[in-house]
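The values are calculated or read from the model by the stated rules, or taken from the named source; none is laboratory data. Since we're looking at a predicted model, the values are computed, not measured. Cβ placement follows ideal geometry from the backbone for every residue including glycine, while neighbour counts extend to all protein chains displayed.
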Amino acid sequence: MAKEKTLFFCTECGAETPKWAGRCASCGAWNTIAEAPKEKRVKAAGTAVVRNRDTVGPVSLKGIDAHEEARMSTGMEELDRVLGGGIVDGSLVLASGDPGIGKSTLLLQMARNLASRGIKVLYVSGEESLSQIKLRALRIGECSDDLLFMAETDMSEIHEQALAIRPKVMIVDSVQTMVLPEVESAPGNMTQVRENTSFLMRFAKTENIAVFLVGHVTKEGNVAGPKMLEHMVDTVLYFEGDTTTTYRILRAVKNRFGSTNEIGVFEMSGTGLAEVTNPSEHMLRGMPESEPGSVVAVTMEGTRPILVEVQALISKTSFNLPRRTAAGTDFNRMNLLLAVLEKRVGASLSGCDAYLNVAGGLRVTEPALDLPILLAVLSGYRNQPLPDHTVAFGEVGLTGELRAVSQALARVREAAKLGYRTCVLAEADREKIGKDAPKGIKLIGLRNIREIPKDLSFS
C-alpha cells in the first residue's frame, strides 16, 4: 500500500512545502505552516479549465475586442460605490468581517433589492437552516419570489441546482462550510476552502453568474484559510466596525473592476443596515464645542471627503516613561509628530502622557491627518480650544514644513457645505485652490508649523 503523502501550506501566503518548518521560506512569517493531507480526488463535473470562447490562440492587443463590463446596481448606493459601480456579471466577490458584524445581513438586503427588480438570486446557506434565514429575512422586509433559498453544504448538489435554476447572482454563506465530495478533507480545511473557491470561480466565469462568498476571519483579522484565497477572487470586501456600536464601514481591499480607495458607511438598525449617505454629519454628531484638544479634520476615502473629529488628551505624568495611546490612526506616526512638535515648536511633551483618538470608529492613516493631530495636541497641551467652525488638513514633514495633499479643493468644498468658516491648510494648497475656493470659508495657509499662533486664534 502506497504511503499517504502530505503537504504543508503557509496560512499567510499559501506557499506549499513538503515538510513542516517554523518559518515560511516564501513570505518569512513564523508559525504559519499547517499540515493538509494531499487529497485523492476525481475530476468533478464542471471543473474543467475555463477557456475564453472568443479566442483560440494568442492574439495581439489590436485583435482584442474591448467592451465595458456590464453592471447591475445592488439597490444600495454605498455598496455600489465600493464595488466600483455595481455587480459585474461573472465576478467572484469575497465578503469578510468579524462574526456578527452584518455580512449576511448586507448580502441578504442586496439579494432582496435585486429580486424586487425581477433578477433571480440564489442564496445558499451552510450555517443556518431555512427557518433561521426566514426569521432574519422578515426583519428587513418582504422578499420577492425571485429570491430563492437553499440550505446545503455539498458543492456538487449546489452546482446542480444552480445550473437548473440559472440565477443571475448566487450567494454562498459561508465558503468555510462548503464541501467538495471529491476532496478527502474536513470542512473548513485549507484544502477544502481553496478547492471550493476554485470550483466557484470556474463556475462563475463559465456560466457568467456573479457569485458572492462569505468568508470567516482569523483572530488577526485576516480571511481564514490560505492567503491565496484572496488572490483567486475578483473583489475582496471587508466589513469593519465594533459590534458594540451601530456604525459599519465596508471597504474594498482588492477590486479588479474598480477602485480600492472607496468606502461605504452603514448603520445597523432593527430592520437591517441603513445607508449613511452623509458620513461627515454622523461622524461629527455629538462633538463638543470650544473644548481644548478637539479638531475637525478633512480626510479623503477614495473620491469622498469625510470630516472626522480628532481628539487629544495631554496630561502631566508622574512616571519616568510617559504613556502614548493612539486609536483610529497610526501609533508610530503619532510618536513622530510629537517629536516634531517638541523639536520645532518647543512644546515639552516628554513629561506628558498623550492620548489620541479619531472619533466615530473610522481608522484614518493618510498624511493629511498630520496637521489636525498637531493642532489637537497643541490645543490640549496649552488648554486652548481652536475657534469654532474651523477645520484643518495637511501633511507635516520632519522639519516642520507643511506639504500639499491630494484633492484639496474637494476637501474645502465639503467643509464649506457643512458650514465651516475657516480652513487651515498648507500654503501650497491655498495657492493651488486660488479663486476656486467656495464662498463663506476663509483659507489660512501655513508654510511651517512654527507659524501656528500661540493662542491658536487663526484670526
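Overview of results
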item: Sole residue being modelled with pLDDT under 95, buried (at least 21 other Cβ atoms within 10 Å of the Cβ) and in the same structural domain as LYS120 (by TED's automatic domain parsing), chosen from SER185, SER144, SER174, SER156; result: SER174
item: Matching residues, segment 333-349, being in contact (Cβ under 8 Å) with a residue 12 or more places away in the chain and hydrophobic (A, V, I, L, M, F, W, C); result: MET334, LEU336, LEU337, LEU338, VAL340, LEU341, VAL345, ALA347, LEU349
item: Positions within segment 269-290 being more than 17 Å from GLY75 (Cβ to Cβ) and crowded, with 19+ Cβ neighbours inside 10 Å, in sequence order; result: PRO279, SER280, MET283
item: Criterion: within 17 Å of PHE458 (Cα to Cα) and surrounded by fewer than 17 Cβ atoms within 10 Å (Cβ to Cβ) - qualifying residue of ARG363, ARG421, ARG324; result: ARG421
item: Matching option when the condition is surrounded by fewer than 17 Cβ atoms within 10 Å (Cβ to Cβ) and in contact with a strand residue (DSSP E or B) (Cβ under 8 Å, 6 or more places away or on another chain), among ARG139, ARG166; result: ARG139
item: Criterion: surrounded by 20 or more Cβ atoms within 10 Å (Cβ to Cβ), touching a Leu at 6+ places or on another chain (Cβ under 8 Å) and not assigned by TED's automatic domain parsing to the domain that holds SER259 - qualifying residue of LEU369, LEU336, LEU375, LEU398; result: LEU375
item: Residue satisfying condition, being at pLDDT below 95, crowded, with 18+ Cβ neighbours inside 10 Å and in contact with a helix residue (DSSP H, G or I) (Cβ under 6 Å, 6 or more places away or on another chain), within set LEU356, LEU349; result: LEU349
item: Members of segment 281-295 that are out of contact with any Gly (no Cβ under 8 Å at 6 or more places or on another chain), at pLDDT 90 or above and not aliphatic (A, V, I, L, M); result: GLU291, SER294
item: Residue count, segment 331-346 (criterion: in a loop (DSSP other than H, G, I, E, B) and at pLDDT 95 or above); result: 0
item: Count of segment 179-209 residues which are among the aliphatic types (A, V, I, L, M), out of contact with any Leu (no Cβ under 8 Å at 6 or more places or on another chain) and within 27 Å of MET72 (Cα to Cα); result: 1
